[in-house]
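Here the structure is laid out as structure tokens; the discussion comes afterwards.
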Amino acid sequence: MERMISLGKDRIFIFDTTLRDGEQAAGGNLNVTEKLQIARQLSRLGVDVIEAGFPASSPGDFACVSAIAESIGKKARPDGSTPIIAGLSRTTEQDVRAAYDAVKEAKRHRIHIFIATSPIHMEHKLHMTPEDVLKEIRFSVSLAKGLVDDVEFSAEDASRSELPFVIEAFKTAVESGATTLNIPDTVGYATPEEFQSFCHAIIEGVKAPASVVYSVHCHNDLGLAVSNSLAAVLAGVRQVECTINGLGERAGNASLEEIAMAVKMRIDRYGAKTNLDTTKLQATSALVSRLSGVIVPPNKAIVGANAFAHQAGIHQHGVLMNPLTYEIMKPEDVGASGTELVLGKHSGRHAFRDRIEHLGYVLTDDQVQTAFQLFKKLCDSKKGISDEDIAAMIADEILSVTTENLYDLKHCSVKTGDGPTLAVITLSCGDGGEISDAATGNGPIDAAYRAIRRAIDLEPELLTFNIKATSDRSDALGETTVLLRSGEVTAPGRAVSTDVIESAVKAFISGVNRLHVIAEARKVELVKKPKNHYE
Ligand code: KIV
Ligand code: ZN
């Protein structure tokens, strides 16, 4: 078997426990396919160790860890490395053997044994004396060492344990064959300065051979998990245990993406590198969020939706002049799509003009001035202003285009009943003419939209569709909003009517009209339907 990890003072090993500590907290709701998906992504991200689960805890967990060891643990990454697949184990023979059986097919595998060393845990949870605990460590670590080279030992609740006893526990683990010594702040009680000194004292006290790696595993009960982990790095710890999005028990674990970027951005401070491809952080975070059902707050560092969004006018102006004024890292470095200047009531003229130009409009200074005033008014009635809102405002108010020059609904009838729904549409056109067509569809709105697409010269793609009642009474108005796309142009449409079908049809037509107006103003082509497309 390969040696577990090559040591180097300049390297921080990332041990990801999203699938064990994180998943435990998310209610254990990930199935084997989802866990495999996450493990594959973690491997692509470049984590050193994937803690795939706690095999003895349930047959399902055993199966997931084995499946990950079998596939992800055997698949080499582009640099030829494979991640270490770890399985968690208590100190019993049954646990250790289950962990071994589950991870053994991985090219590099680890058994991770834990037992608590704090007085409160030993007395009230384990009902063991410190001597009993040392005996358990000796037994389980030696047993594991007989099965694998790579054994990690964790002194659970280390930060609330007595220093001399933790040192003794770690010495026992090393004598029994442990190659990684993990110092957990299980209840998130430590503070950075204190934890740094604690880790330093452990390293000094255990005096383990240089090949032994010290590790930390911090929980976030006081919001200090990342700070404590980084403080431990300063003390000489070289493995950090963490989870994607900080998922984990109670307030979570140290967040992998925050550790990764802090180490990368402040290499001057930490003097060490991870092996992570940080451009995959955003995608990994999104995957874990989607599969675990745990939403990432918008203001979450590194991967939150607002992590690179600037709202204040002064900031927006600064970022437009030079992104470094208010951004310490590039969005691309974490795989985010780019700096976002959120247009809202705090935005200034610079940011507004920049967005208009970015959207492709060429307006005169007077038009920009009028548009800016209208935009400020809009900000008072609407929270976030999207690009589509701006496009609609420019089409309707600045370029003064009304539907008279384009399409208007003259007639719409739908026939429902047995079989497919049929819609017949007649539109009046800006040139004084009329066009009609009919189509069947999956319900009246789908049929009507197909009929419109047949009648006009475009086939706009429906990106979003929303219909809602304006009150809770049966005579409520139906308000429909749609977002259409043709080529590189997107445009919103909106309409209100007591007849929900009419409201939906008119919203579609208003979107089509705006597509034309926006394309005209931006001097770009819409995607026209080939002639006789439906004949
Ligand atoms: O929080 C903790 O102490 C743990 C151990 C099992 C490492 O998760
Ligand atoms: Zn934990």
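The values are calculated or read from the model by the stated rules, or taken from the named source; none is laboratory data. Since the structure is predicted, the reported quantities are computational estimates derived from the model, not experimental observations. Heads up, the Cβs are rebuilt from the backbone with ideal geometry, glycines too, and the neighbour counts pull from every protein chain shown. Please note that ligands, DNA and RNA were not included when accessible areas were found on the heavy atoms of the full protein model with its side chains. Shrake-Rupley method; radii C 1.70, N 1.55, O 1.52, S 1.80 Å.
Quick one: compute a quarter of the convex hull surface over the Cα atoms of the chain and quote it in nm².
Reported value for the Cα convex hull: 31.8 nm².
Hey, what did the chain get for relative contact order, percent, Cα under 8 Å, at least 6 apart?
9
Please figure out what share of the DSSP beta bridges in the range 13-292 is antiparallel and state it in percent, rounded to the nearest 5.
DSSP beta bridges in the range 13-292 are roughly 5 percent antiparallel.
Out of the range 301-398, which trypsin sites (Lys or Arg not before Pro) are coil in DSSP terms and have no more than 10 other C-beta atoms within 10 Å?
Lys383
At a 1.4 Å probe, what is the % contribution of carbon and sulfur to the accessible area of the range 307-463?
The nonpolar share, carbon plus sulfur, comes to 49 percent.
Per-residue accessible area for Ile120 at 1.4 Å probe radius, Å² rounded to 10?
The value for Ile120 is about 90 Å².
Measure nothing but the geometry: give the 0 to 90° angle between the long axis through the Cα atoms of 281-292 and the longest principal axis through the Cα atoms of the chain, rounded to 10°.
Once rounded, the angle reads 90 degrees.
Could you tell me which chymotrypsin sites (Phe, Trp or Tyr not before Pro) in the range 454-535 are loop residues by DSSP with no more than 15 other beta carbons within 10 angstrom of their beta carbon?
In loop regions of the range 454-535 (DSSP not H, G, I, E or B), the sparsely surrounded chymotrypsin sites (Phe, Trp or Tyr not before Pro) are Tyr534.
The range 317-471: percent of C-alpha pairs farther apart than 22 Å?
Distances greater than 22 Å cover 61 percent of the Cα pairs.
How much length is gained on full extension from Val424 to Glu397, taking 0.36 nm per residue of separation minus their Cα-Cα distance?
Between Val424 and Glu397, full extension yields 6.5 nm more.
Going by alpha carbons, how many degrees (0 to 90, nearest 10) lie between the helix axis of 32-45 and the longest principal axis of the chain?
Tilt relative to the chain: about 80 degrees.
Taking each pair of distinct Cα atoms in the range 305-356 once, what is the resulting Kirkwood hydrodynamic radius in Å?
In the range 305-356 this quantity evaluates to 11.0 Å.
Across the range 215-319, what fraction of all alpha-carbon pairs, as a whole percent, falls in each successive 5 Å bin from zero upward?
Per 5 Å bin, starting at zero, the Cα-Cα P(r) for the range 215-319 comes out as 2, 12, 21, 22, 19, 13, 8, 3, 0 percent.
For the chain, what is the accessible area per residue in Å² when the probe is 1.4 Å?
45
Given the convex hull of the Cα atoms of the range 349-399, what is a quarter of its surface area in nm²?
For the Cα atoms of the range 349-399, the hull's average projected area reads 3.2 nm².
Ignoring any ligand, DNA or RNA, what whole percent of the accessible area of the range 13-292 comes from carbon and sulfur when the probe is 1.4 angstrom?
53
Can you tell me what share of the DSSP beta bridges in the chain is antiparallel? A percent to the nearest 5 is fine.
50
Between Asp268 and Arg473, take the C-beta separation as r, use R0 = 60 Å, and let me know the FRET efficiency to the nearest 0.05.
For R0 = 60 Å, the calculated efficiency reads 0.40.
Taking all protein chains together and a probe of 1.4 Å, list His358, His109 from the most accessible to the least accessible.
Highest to lowest solvent-accessible surface, that is His358, His109.
Once a ≥ b ≥ c are taken as the square roots of the eigenvalues of the Cα gyration tensor of the range 407-522, is the result rounded (a/c under 1.5), prolate (a/b larger than b/c) or oblate (a/b not larger than b/c)?
Judged from the Cα gyration tensor, the range 407-522 comes out oblate (a/c at least 1.5, b/c at or above a/b).
Largest first, what is the accessible-area ranking of Cys412, Cys199 with a 1.4 Å probe?
Accessible-area ranking of Cys412, Cys199, largest first: Cys412, Cys199.
Would you mind checking the tilt of helix 365-381 against the longest principal axis of the Cα atoms of the chain, expressed as 0 to 90 degrees and rounded to 10?
Result, in degrees: 60.
Whenever you get a sec, line up Phe54, Phe62 from highest to lowest accessible area (probe 1.4 Å, protein heavy atoms).
Phe62, Phe54
Loop only by DSSP, 15 or fewer other Cβ within 10 Å of the Cβ. Give me the GluC sites (Glu not before Pro) in the range 112-175 that pass, ordered by residue number.
Here the sparse-neighbourhood loop sites are Glu162.
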